[in-house]
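The values are calculated or read from the model by the stated rules, or taken from the named source; none is laboratory data. Here the structure is a predicted model, which means the values were calculated and not measured. Every residue, glycine among them, receives a Cβ derived from its backbone with ideal geometry; neighbour counts consider all protein chains shown.
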Amino acid sequence: MIGMTLIVKTITDFVVGFIIVFGVYIVLYGHLTPGGGFAGGVIIACAFILAMLAHGKDVAFSKLPEKAAHIIDSGGALAFLLIGWFGVTVGAFFMNAFGRGEVFRLLSSGMILPLNIAIAFKVSSSLFLVFSALAIFRRRSFRAMIEDELA
Amino acid sequence: MENITPQLYALLVFMIVGSVVAIETRNLLSAVISVAAVGFALSVAFLFLGAPDIAITQLVVEVLVLIILIRGTILLDNTAVESHRDTLAVVTSLIFFGLLLGFGAMIFGGRGFPEFGEPVMRVSKVYVHTGLPATYCANIVTAVILDFRAYDTMGEASVLFTSILGAMALLRRDGKRKEEEVVAA
């Protein structure tokens, strides 16, 4: 059987959605409450890593394929730069060009919310990629290394 | 604000004990778990100090690193480490540390250090006083790292991007070549 026991799998299926929702909350409210793009992104990555540990890599990669993770990773970094470049329209790089809105509202503080979202996309996909690289590719290459050494 | 020093001292003692255990233990898995315990204690310490942003990040990253390190440790067959003391390395690093302190005192000593416990607050004052009116951001930590210091955050993001790129390049190549070999065979 791939992955862990039925108990772990059931609990994982139940919990993963809540973890992702909590991560999204941490990201979206980063400019109002403690948290932000990095912490929320790590929480979302943890949800995918939990799925990978419980169900094996095939299920996790069917939810978030490796190629898509690469694209999201690069896209997040690019979006960060583009939001920065948007500030050039009002003056300088990383100037707050968006409307500031009203304090203590969700849609306030201009570019901080989009920047948080970009960072969250970037961090979550890249940490997922690192874990998959360390957990899957490493094992294969490590075994190959030992076999080469024995041969 | 109530006095939190006893709790902080207890956490610090716990962290020092955990670090010593992590260094001295022979088993790699025990060392990883001790390091994780130190990290969790650090997260609680941040919470006591009134820094929930850093506490959340520390906690979450600690969990992730613990998972990755345990995963990596379990894959190794021989997790017992033989410790050997390298006296030369210790002496060299101590000498270099002393030289660093000496040169630092030479360079910065002339201008005069600020008094202990009274750091130079020129930049922080601007952040605190103009943080809300300039950014309309209720969480001042986010206001600082994404508005005042957005360049800094961009640097962090590029560091993360480059490290992921390097890790994928180093770890992937072997796996891919193996697959191609299997297909070719």
Checklist entry - Tell me, which residue of region B:118-159 that is surrounded by 15 or more Cβ atoms within 10 Å (Cβ to Cβ) and not in a helix (DSSP H, G or I) is farthest from the other protein chains (Cβ to nearest Cβ)? => result B:R149
Next on the checklist: Show the residue pairs meeting these rules: Cβ distance below 9 Å; 6+ apart or different chains; first residue within region B:51-68 and at the interface with another protein chain (Cβ under 7 Å from one of its Cβ atoms) and touching a residue at least 40 places away in the same chain (Cβ under 8 Å); second residue assigned to a helix (DSSP H, G or I) and surrounded by fewer than 20 Cβ atoms within 10 Å (Cβ to Cβ).
Outcome noted: B:D53/B:F46; B:D53/B:V141
Next on the checklist: Taking the condition of being surrounded by 17 or more Cβ atoms within 10 Å (Cβ to Cβ), under 30 Å from A:V130 (Cβ atoms) and at the interface with another protein chain (Cβ under 9 Å from one of its Cβ atoms), how many residues in region A:84-102 meet it?
Outcome noted: 2
Item to check | Residue among A:D13, A:D58, A:D73 that is more than 13 Å from the chain's Cα centre (by Cα) and under 28 Å from B:A169 (Cα atoms) | outcome: A:D58
Item to check | Single condition B:P114 does not satisfy, out of (1) part of a helix (DSSP H, G or I); (2) more than 30 Å from A:S108 (Cα to Cα); (3) at pLDDT below 85; (4) of a type outside the set (D, E, K, R) | outcome: (1)
Next on the checklist: Being free of Cβ contacts under 8 Å to residues at least 24 places away in the same chain, part of a helix (DSSP H, G or I) and surrounded by 23 or more Cβ atoms within 10 Å (Cβ to Cβ) is the filter here; which residues of region A:21-64 pass it?
Outcome noted: A:I26, A:A39
Checklist outcome for this item: When region A:103-126 is checked residue by residue, the ones that are more than 12 Å from B:D147 (Cα to Cα), facing another protein chain (nearest Cβ under 8 Å) and touching a His at 6+ places or on another chain (Cβ under 8 Å) are A:S108
Checklist outcome for this item: Out of (1) more than 21 Å from B:V63 (Cβ to Cβ); (2) in contact with a Gly (Cβ under 8 Å, 6 or more places away or on another chain), the one A:S74 does not meet is (2)
Checklist entry - Is there any pair with a first residue in region B:148-169 that is within 16 Å of A:I117 (Cα to Cα) and a second that is in a loop (DSSP other than H, G, I, E, B) whose Cβ atoms are under 6 Å apart and which are 6 or more apart or on different chains, and what are they? => result B:A150/A:F94
